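Peer 1: Take a look at the following structure, please.
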Amino acid sequence: MKQILAFAGSNSSDSINKQLAIYASSLVDDANVTVLDLNDFDLPIYSKDLEAKSGIPENAKKFLQHIKDTDGIVISLAENNGAYSAVFKNLFDWMSRLEQKTFMGKPMLLMATSPGSRGGASVLAIASDRFPRHDTQIVSEFSLPFFNEKFSDGKVTDKEFDSKLKEAVELFKKEL
C-alpha cells in the first residue's frame, strides 16, 4: 500500500490549507495517509550562524525523514503577502541544509486555497518554479478560490472545483 504525506504550509490551528490537504489526500484510494502539522515541528529561525553553532535541529531532520519515507506528497500552501508562510519557508530552509534535493524525487500534488479570488495563485507560481529544483515531480496543481464559499463539512462543495480537484488527484495517483 502506498504511503502519502499530506500537510499545509501553515501553522494556523484552523488552517484552510490543512483542511484542503486532508480532503485531497482522502481521495487517494488504497493509500495510508500521514497528515503532518507544522506546529509539531517547531524550529528556530534559520541562520548560518545558528547552524554553525548548534547544527540542524531534530525537528527538521524528523520532517525530512517523513518525506523520505513517503511515496507521494500532498501539500497545500498558505499564501502570506504573496509568498510562502514564514513557518513553511523556515522549515524548507532548514531541510534544504540537510538535503538540497529536499523532496527526494517524490510525486507531488501542489495546491493552495484562500478566502479570496486568487486562491493562492502567487504562492503556487513561486512553488511551481522552485520545487522542481529541489527534486519533486509536480504532477498536478489545484487552486481553490473563495474557500469559505466553496468548502464545507470537510470537502469541496462547488461541483466544478471538486471535479477539477478529483482530476488533479487522479493524475497524482498515476505517479505513485
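Peer 1: In whole angstrom, how far apart do the alpha carbon centroids of the stretch 103-176 and the stretch 5-20 sit?
Peer 2: So the two Cα centres are separated by 13 Å.
Peer 1: Tell me the net charge near residue 72. Cut-off is 15 Å between Cβ atoms, residue 72 excluded, with +1 for each Lys or Arg and -1 for each Asp or Glu. Walk me through the numbers on the way to the answer.
Peer 2: Working: positive: 2, 68, 106, 173, 174; negative: 29, 30, 69, 71, 135, 141, 170, 175.
Spelling it out: positives minus negatives among the neighbours equals -3.
Peer 1: I would also like to ask the following. Give me the aspartates and glutamates in straight-line cross-link reach of residue 101: C-alpha distance below 17 Å, same-chain residues under 8 apart excluded.
Peer 2: By straight Cα distance, residue 101 reaches 69, 71, 93, 129, 135.
Peer 1: Can you compute 3J(HN,Hα) from phi for each residue in the stretch 13-28, using the Karplus curve 6.51 cos²θ - 1.76 cosθ + 1.60 with θ = phi - 60°, rounded to whole Hz and x for Gly and Pro?
Peer 2: Coupling constants for the stretch 13-28: 5, 10, 3, 5, 6, 5, 4, 5, 4, 5, 4, 4, 5, 5, 7, 8 Hz.
Peer 1: If r is the Cβ-Cβ distance from residue 163 to residue 129 and R0 is 25 Å, what FRET efficiency results, to the nearest 0.05? Could you put the intermediate results ahead of the total?
Peer 2: On the way: r = 27 Å, r/R0 = 1.07.
For residue 163 and residue 129, the calculated efficiency is 0.40.
Peer 1: In terms of Cα to Cα distance under 12 Å, which aspartates and glutamates are near enough to residue 89, apart from those fewer than 8 places away along the same chain?
Peer 2: 79
Peer 1: Considering just Cα atoms, how many Å³ per residue does the convex hull of the stretch 103-165 enclose? Walk me through the numbers before you get to the answer.
Peer 2: Numbers: hull volume 4.9 nm³, N = 63.
In the stretch 103-165, the Cα hull volume divided by residue count equals 78 Å³.
Peer 1: What residues have an amide H closer than 5 Å to that of residue 116, excluding those fewer than 5 places away on the same chain, when H is modeled at 1.01 Å from N in the peptide plane?
Peer 2: Amide H to amide H, under 5 Å and 5 or more residues apart or across chains, residue 116 pairs with 146, 147.
Peer 1: Can you tell which of 27, 109, 91 shows the greatest fluctuation in a Gaussian network model of the chain with Cα springs below 10 Å?
Peer 2: Highest fluctuation of the listed residues: 27.
Peer 1: Now, a different point. Per the helix-only calculation at 222 nm, which mean residue ellipticity applies to the chain, given -39500 (n - 2.57) for every DSSP H run of n ≥ 4 and division by its residues, nearest 500 deg cm²/dmol? Don't skip to the answer; put the middle values down first.
Peer 2: On the way: 7 runs with 72 residues, N = 176.
Theoretical 222 nm ellipticity from helices: -12000 deg cm²/dmol.
Peer 1: Which lysines have a Cα lying under 20 Å from the Cα of residue 174, excluding residues fewer than 8 positions away in the same chain?
Peer 2: 2, 68, 106, 164, 166
Peer 1: Using a Förster distance of 22 Å, how high is the FRET efficiency between residue 50 and residue 96, based on the Cβ-Cβ distance and rounded to 0.05? Write down the numbers at each step before the final one.
Peer 2: Values: r = 15 Å, r/R0 = 0.67.
The calculated FRET efficiency here is 0.90.
Values quoted throughout were computed directly from the atomic coordinates according to the rules given, and no laboratory measurement underlies them. All of these numbers come straight from a predicted model, not from anything done at the bench. A quick note on method: Cβ atoms are made from the backbone with ideal geometry, for glycine too, and the neighbour counts reach across all protein chains shown.
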